[in-house]
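Beneath this line is the structure, given in structure tokens, with notes to follow.
The values are calculated or read from the model by the stated rules, or taken from the named source; none is laboratory data. Predicted, not measured: the structure shown is a model, and the values here were computed from it. Cβ placement follows ideal geometry from the backbone for every residue including glycine, while neighbour counts extend to all protein chains displayed. The protein model used for the area step is the full one, side chains on, heavy atoms only, and it has no ligands, DNA or RNA in it. Shrake-Rupley method; radii C 1.70, N 1.55, O 1.52, S 1.80 Å.
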Amino acid sequence: GGPGVDQYKQMSGGGAWCEAAGIVSNCWVVGNAAEAFGGGAYGGNLVGCTIASNVATWQGGGVYRASLEGSTVTRNSAMMGGGASQSTLSRCLVSSNQTPNNAGGAENCTLDFCTLLGNAAMQGAGAANSTLRNCALYGNAASMQGGAASWCTIVNCTIMGNSAGDSGGGLAGA
């Protein structure tokens, strides 16, 4: 890339790179990789999509800075935010995502009416640094703390059957 080229754009959005108003609907975004952010998708609005088995080196293995509605985010991985990072999710399933650090399922996200199931991380396996409203967090596992969530705002959620190796099998720092 020459002058004026945004290196992060070139290294992000392995499956789809969208402008803020871009729409991806009823699609499968599977098996992609990004050197920086959003292994599956970077930006845009994803509706009724399946985002699976994607990898990002830094954040948002599944999606980064995206808006999701009625979608499934599963089996993705990244350094932080294995499933989603800096995104908004509504009525989504976030399952079996992982990270060696924080936020296996969702990191720095807003989630409404979502299910976070079977995600894994060092801290905040289901979610970290996020706002969750009317969500269900089941069977997430943290090697250290915050099996379901850590450092989150939790409103009217069900938290059951999560675990942590050190403390806060359900919540830590919430």
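Has segment 30-45 got at least one residue that is hydroxyl-bearing (Ser, Thr, Tyr) and assigned to a loop (DSSP other than H, G, I, E, B)? No; the residues of segment 30-45 include none that is hydroxyl-bearing (Ser, Thr, Tyr) and assigned to a loop (DSSP other than H, G, I, E, B).
The set of residues in segment 96-113 being assigned to a loop (DSSP other than H, G, I, E, B), hydrophobic (A, V, I, L, M, F, W, C) and in contact with a Ser or Thr (Cβ under 7 Å, 6 or more places away or on another chain) consists of Cys109, Phe113.
Here is a yes/no grid of residues against (1) in a strand (DSSP E or B); (2) open to solvent by less than 30 Å² (accessible area, probe 1.4 Å); (3) touching a residue at least 24 places away in the same chain (Cβ under 8 Å):
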| residue | (1), (2), (3) |
| --- | --- |
| Leu68 | yes, yes, yes |
| Val73 | yes, yes, yes |
| Val94 | yes, yes, yes |
| Leu116 | yes, yes, yes |
| Ala121 | yes, yes, yes |
| Ala125 | no, yes, yes |
| Leu132 | yes, yes, yes |
| Ser143 | yes, no, no |
| Ile159 | yes, no, no |
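Are any of the residues in segment 10-21 assigned to a strand (DSSP E or B) and touching a helix residue (DSSP H, G or I) at 6+ places or on another chain (Cβ under 8 Å)? Looking for residues that are assigned to a strand (DSSP E or B) and touching a helix residue (DSSP H, G or I) at 6+ places or on another chain (Cβ under 8 Å), one finds at least one in segment 10-21, hence yes. Screening Leu46 with (1) out of contact with any helix residue (DSSP H, G or I) (no Cβ under 7 Å at 6 or more places or on another chain); (2) open to solvent by 60 Å² or more (accessible area, probe 1.4 Å) gives one miss only, at (2). Of all the listed residues (Gly169, Gly173, Gly165), the sole one being modelled with pLDDT under 95, open to solvent by less than 60 Å² (accessible area, probe 1.4 Å), more than 19 Å from Ala78 (Cα to Cα) and out of contact with any Gly (no Cβ under 6 Å at 6 or more places or on another chain) is Gly173.
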